[in-house]
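I have placed the structure first, in the form of structure tokens, so that the comments after it can refer back to it.
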Amino acid sequence: MLNLLWLIPALPFLGFLLLAVFGGRMNKTGVAFLGVGSVGISALLTILIGIDFISSPPDGYSFNQTLWVWMNIAGFKPGIAFHLDSLSLIFTFAISFVGFLIHIYSAEFMIDDEGYSRFFAYMNLFVALMITLVLADNFLLLYLGWEGVGLCSYLLIGFWYKEPANVYAANKAFIVTRIGDTSMAIGLFLLVLHFNTLDIQNILQSVSTQWVRGSSLAVLTAFLLLGGALGKSAQLPLQTWLPDAMAGPSPVSALIHAATMVTAGVYLIARTHTLFDFAPIAQNAVATIGALTLLIAGFSALTQTDIKKVLAYSTISQIGYMFLALGVGAWALGIFHFMIHAFFKALLFLAAGAVINALHHEHNMFKMGGLRKELPVVYWTFLIASASLAAFPLITAGFYSKDEIIWYSWASNIGSPWLWLISLIGAFITSVYTFRMVFAIFFGEQKTPVSQKPGKRIKITLIVLAALSVLGGFVELPETMGGFAPFTHFLHHTLPAVALRSEESGIELLFQIITAVLTLAGIYLAYQFYFKNVKFTERFKQTGLSKFLFSGCGFDWLYDRAFMYPAIFFARINRNDFIDNIYTFITWLSTALNGMLIKTQTGRIRWYATVITMGAVITLTIVLVS
């Protein structure tokens, strides 16, 4: 089965090509069959290959497949080659399987859209490129997938391009992520300059012999790669693009901006963990940035009224937890939270999309209310996903991933009380804003009538993701609950185990109880302020603090004045520079010559004959004289 690895990205690529060429001439049933089917077969292959990989592990617990050499320049020979290990297998599973469920949902959700085939073409291309990114054997192929998913993000955020706001959001996402991508590209140039290869495994194996721990080269390279991760994963200070990216259809938000693309930065750091191990200051920066991001994004989510923007800030916050885990050396737990987050956050976005469609495209959750009985399947699945996001104790998958991250932010030998405290506050805030959504949308008085109820394909997708949002956590029961952590043990074939401070053993259960109590307290607070006593929240909306948090803590305001306005100012001053004058002169000269030639076109045959005769006489004279 492992030899069929290349088919996993190839099938969605094929689906994209067929839809791009023939989609306009196909009916919607055929488009859905091709778009959903190509990703579905890819997901099935991933499961079968995964079973084969786990049951009969290859040597070194990794499998390499080279299709062809991409280029050969003076010994530099990057290939179209794939590398399968425990890390890439988990990412491939999440991308293909969750992507397949989102495609099923989209077949119904987008049925009335005039760009139906274009939508599935873009979605297929995204899945193919994201799988290429995580399976890439070398950084050049990884970077191809990296830029490819950035392109797909631009196309899908601006899918409804007739609205100027959507075009602005797409441009913003593309430009902001390019900042990080530039940083990453420079980092890759440093790697190829120093190691004369971009083969990922060769570089990681050579680091220990060619680099000194803490050297300037190691630190610089790690920070440059971190810059790329910050852009793609929407972490401080490049997080501003993600809330605006909600302009795209809800399935786009579920796939790209919750389950897969925004976690590309998490994958990059985890894949290059050896480089960060040789740059401790960069690894500490990963943890610090993750902690600050989860806190700022959590507070911003508390004040949003657009349901999708709440989920957008929540995504930024939860990826902050993943960065925190990676930064304190809990590599496997960061990936575990990625997988669980893919389940419950995709479910939240898809359920939110079902609510928005049911209420005739209403996004303001405070204009909803009372939908518990009108949309029972959406309500129960949204409630399950919300409980998982809030890390409701014992019964949700989110508890088992987030709780362990909070614990290791203290217990890791590079953790700290400050990181633990911030992550704990973040967990409390998460439970408040999450159940603020639940009470605002599904409880109280119904403010907007239901115009359309979801069909079977939407309901099936929600139910499957709801089951995964509960059961997914039980693959990683902590030892304090009688588990043996099979997920992290599986990943330890690729990622190192977290190093603990010996003096912290024995108090993990106490920390779990503290986290659980704070989560329940947050849910109770949301119940009091957003269901029982809404007067306080109405007054809070009018405060300057609320408006500051609503604006995303003022980052857009700051960037506009620091970068955009000066650039526009100087562009206006320089609009008529000498270079423009050169092109203006060329345009004028071309126009003048064209005017002269037009005058020769009189339509009179005698004039044409005279000119031809004169030309012949001049030509013969030149020949004879010479």
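The values are calculated or read from the model by the stated rules, or taken from the named source; none is laboratory data. Computed from a prediction, not measured in an experiment: that's the story for all the values here. Neighbour counts run over all protein chains shown; Cβ positions are idealised from the backbone, glycine included. What goes into the accessible areas is simple: the full protein's heavy atoms, side chains included, and nothing from ligands, DNA or RNA. Shrake-Rupley method; radii C 1.70, N 1.55, O 1.52, S 1.80 Å.
Residues in region 356-381 that are out of contact with any helix residue (DSSP H, G or I) (no Cβ under 9 Å at 6 or more places or on another chain) and either over 24 Å from L468 (Cα atoms) or hydrophobic (A, V, I, L, M, F, W, C) (or both): 3 in all.
Determine, yes or no, whether H103 is in contact with a strand residue (DSSP E or B) (Cβ under 6 Å, 6 or more places away or on another chain), of a type outside the set (V, I, T) and crowded, with 16+ Cβ neighbours inside 10 Å.
Details: in contact with a strand residue (DSSP E or B) (Cβ under 6 Å, 6 or more places away or on another chain): no; of a type outside the set (V, I, T): yes; crowded, with 16+ Cβ neighbours inside 10 Å: yes.
The answer is no for H103.
Across region 171-199, the number of residues qualifying as touching a Ser or Thr at 6+ places or on another chain (Cβ under 8 Å) and touching a residue at least 60 places away in the same chain (Cβ under 8 Å) comes to 4. In region 478-493, is there at least one residue being charged (D, E, K, R) and either at pLDDT 85 or above or open to solvent by less than 50 Å² (accessible area, probe 1.4 Å) (or both)? No, because not a single residue in region 478-493 is charged (D, E, K, R) and either at pLDDT 85 or above or open to solvent by less than 50 Å² (accessible area, probe 1.4 Å) (or both). Tell me, yes or no, whether region 536-547 has at least one residue that is farther than 27 Å from L394 by Cα, surrounded by fewer than 12 Cβ atoms within 10 Å (Cβ to Cβ), hydrophobic (A, V, I, L, M, F, W, C) and at pLDDT 85 or above. The answer is yes, given that some residue of region 536-547 is farther than 27 Å from L394 by Cα, surrounded by fewer than 12 Cβ atoms within 10 Å (Cβ to Cβ), hydrophobic (A, V, I, L, M, F, W, C) and at pLDDT 85 or above. For region 115-128, the count of residues that are touching a residue at least 24 places away in the same chain (Cβ under 8 Å), in a helix (DSSP H, G or I) and within 24 Å of V69 (Cβ to Cβ) is at least one. Contact map, region 242-253: residues that are over 13 Å from G552 (Cβ atoms) paired with residues that are in a helix (DSSP H, G or I) and among the polar types (S, T, N, Q), Cβ distance under 7 Å, separation 6+ or inter-chain. Pairs shown: A247/N166; P251/S106.
Looking at T272, is it open to solvent by less than 10 Å² (accessible area, probe 1.4 Å), under 26 Å from A499 (Cβ atoms), among the polar types (S, T, N, Q) and not assigned by TED's automatic domain parsing to the domain that holds A390?
Working: open to solvent by less than 10 Å² (accessible area, probe 1.4 Å): yes; under 26 Å from A499 (Cβ atoms): yes; among the polar types (S, T, N, Q): yes; not assigned by TED's automatic domain parsing to the domain that holds A390: yes.
Yes.
Could you look through region 340-378, keep only residues that are open to solvent by 20 Å² or more (accessible area, probe 1.4 Å), assigned to a helix (DSSP H, G or I) and touching a residue at least 12 places away in the same chain (Cβ under 8 Å), and pick out the one that is nearest to L87 (Cα to Cα)? The selected residue is V377.
Being open to solvent by less than 10 Å² (accessible area, probe 1.4 Å) and touching a strand residue (DSSP E or B) at 6+ places or on another chain (Cβ under 9 Å) is the filter here; which residues of region 301-324 pass it? Steps first, please.
Restricting attention to region 301-324, the residues satisfying the condition of being open to solvent by less than 10 Å² (accessible area, probe 1.4 Å) are 301, 304, 307-308, 310-312, 314-324.
Hits for region 301-324 are I307, A312.
Apart from one condition, D113 fits all of (1) within 20 Å of V21 (Cα to Cα); (2) surrounded by 24 or more Cβ atoms within 10 Å (Cβ to Cβ); the exception is (2).
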